[in-house]
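Single-structure report; data block below.
Bear in mind these aren't lab numbers, they're just calculated from the coordinates by the rules spelled out. If you're wondering where the values come from, they're calculated on a predicted model, not measured in any experiment. Neighbour counts run over all protein chains shown; Cβ positions are idealised from the backbone, glycine included.
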Amino acid sequence: MPDPQTYPETYYAGAYWGPRKETPEACAGRTAVFLGLLAECDPFLAQWYKPARSLKDARKHPLMPPDVAILTELFRKGVNRERGGPAIEELGFTFWFGNGGLRGDSVDLRITCGDYGGANPNCCVMPLPRQGTNADRLVTASVLSAVVRSMALAWDPDWAVVTSDNFRRLMSETSDAGTFAGWVMYQSRHRGTVPPLPAPVRIEPVEDRGTLVILTPERLTASNPEHVELGHRVGELLSNAGLIQPVIPPQR
């Protein structure tokens, strides 16, 4: 298996929650709240467009300011179904859209909401730009902490994380729970209490919802042995507190 550290360092933010039956209107309402909060995090996160065949076409159909009726229709179109068959209601609704950036300097959102079947988690996943001034500005602890806070407030997830794909691979080697120690993490209050953690880790409340954990104020990288060691140490402490657990418990 190739060493994860040989891959280019790419980052993403993701929020995940267990079975929750919601209507397209409810999913659209949460999305509208989320897009409004994202716009406050950074100007590059203040422009979003309907899915389209080309970037040129997409830019003709802005989603900002958020319109719940338009978002509801997008969720309705994203219902899961067998080809030519009826909607599979318990699998909820899924769709992708982006912020109209150029390749390598763009942000996409993939949202699955309203799934109550219990086979897969609901999620809101946002791959981050890989290069350029937007990446330099966005991929920072301060901006990404605000992004995860926005995810927590809009989606009420069980768990959320910002990390690099390389770092996730390294942390997942010692955790098969699907959750792990990342750069910025959110733990819902109902999952338990975050224990004291070693410096330079910072812990912040997210209203009455849960807790934000920022592993390091500098950019987290899988090539930094100190970051990797800190991730394993924090992961062990969170695991001992019962917080490194699957979003959807395994069926017995």
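Remarks
- GNM flexibility winner over the chain from Asp42, Asp136, Asp108 (Cα, springs under 10 Å): Asp136
- For mean projected area of the Cα convex hull in nm², calculated from these coordinates, the label among (i) 13.3; (ii) 17.9; (iii) 14.5: (iii)
- Distance between the pseudo-spin-label points of Glu89 and Asp165 (7 Å out from Cα toward the beta carbon): 3.8 nm.
- Three-way shape call for the stretch 116-216 based on the alpha-carbon gyration tensor, with the a/c threshold at 1.5: rounded
- Sites listed here are chymotrypsin sites (Phe, Trp or Tyr not before Pro) in the stretch 67-151 whose DSSP assignment is loop and whose Cβ has at most 15 other Cβ atoms within 10 Å: Tyr116.
- Calculated FRET value between Asp208 and Val33, using beta carbons and R₀ = 22 Å, to 0.05: 0.85
- The stretch 105-173: C-alpha gyration tensor shape, a/c 1.5 cut-off, then a/b vs b/c: prolate
- Neighbours of Gln131 by Cβ distance under 11 Å: Lys/Arg scored +1, Asp/Glu scored -1, total -1.
- Cα gyration tensor, the stretch 10-123 - rounded (a/c under 1.5), prolate or oblate: prolate
- Degrees between helix 225-240 axis and first principal axis of the chain (Cα, 0 to 90, nearest 10): 80 degrees
- Between 0 and 90 degrees, the angle of helix 24-41 with respect to the longest Cα principal axis of the chain falls at about 60 degrees.
- Principal-axis tilt of helix 68-77 within the chain, Cα atoms, nearest 10 degrees: 90 degrees
- Cysteines (scope the chain) whose Cβ has no counterpart Cys Cβ under 4.7 Å: Cys41, Cys123, Cys124
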